[in-house]
Amino acid sequence: MDGKILARVSAVVFIAVALTLTAIEMSTKDDEPDALGARDRSITSQDPLAFELRRCSEIGEAGPRDPGCLKAWAESRRRFFGQSNAATAPAPVAPATLFPNVPASGDRQERERTDVTAPAMQVEPPRQEAR
């Protein structure tokens, strides 16, 4: 019987200590400033590229269409790969066409355009059944 009582008392003491430490930890976090937020502000004030990259990440899908974002990403790549200036960077490669023998949609003549309003399939009128 002494073993069961000792186990119960130790479990209660353990839970009490855990709750006390949790309460202390929760109360001290409110007093401390956000170190990560302060560090991010100092980086963006020192480096305008970091500010622009953060802005581009915040605008979401509009980022790839924004010329400022494209320039910022190119500068970031140039810094990452250690290229000395933009003149030594390789020129962008033109995208390859999937079907080189087919003329592009802009090269088609007006008469070759398909009528968008026409149905895709002609429906035959119903025929009478021959018996």
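Summary of values
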{"item": "The listed residue being of a type in the set (D, E, K, R), modelled with pLDDT of 90 or more and surrounded by 12 or more Cβ atoms within 10 Å (Cβ to Cβ), out of Arg54, Arg8, Arg77", "result": "Arg54"}
{"item": "Qualifying position, being modelled with pLDDT under 75, surrounded by 10 or more Cβ atoms within 10 Å (Cβ to Cβ), of a type outside the set (S, T, N, Q) and within 47 Å of the chain's Cα centre (by Cα), among Asp40, Asp31", "result": "Asp40"}
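The values are calculated or read from the model by the stated rules, or taken from the named source; none is laboratory data. Treat the numbers as computed from the prediction; the structure is a model and nothing was measured. As a convention, Cβ positions derive from the backbone with ideal geometry for all residues, glycine included, and neighbour counts pool all protein chains shown.
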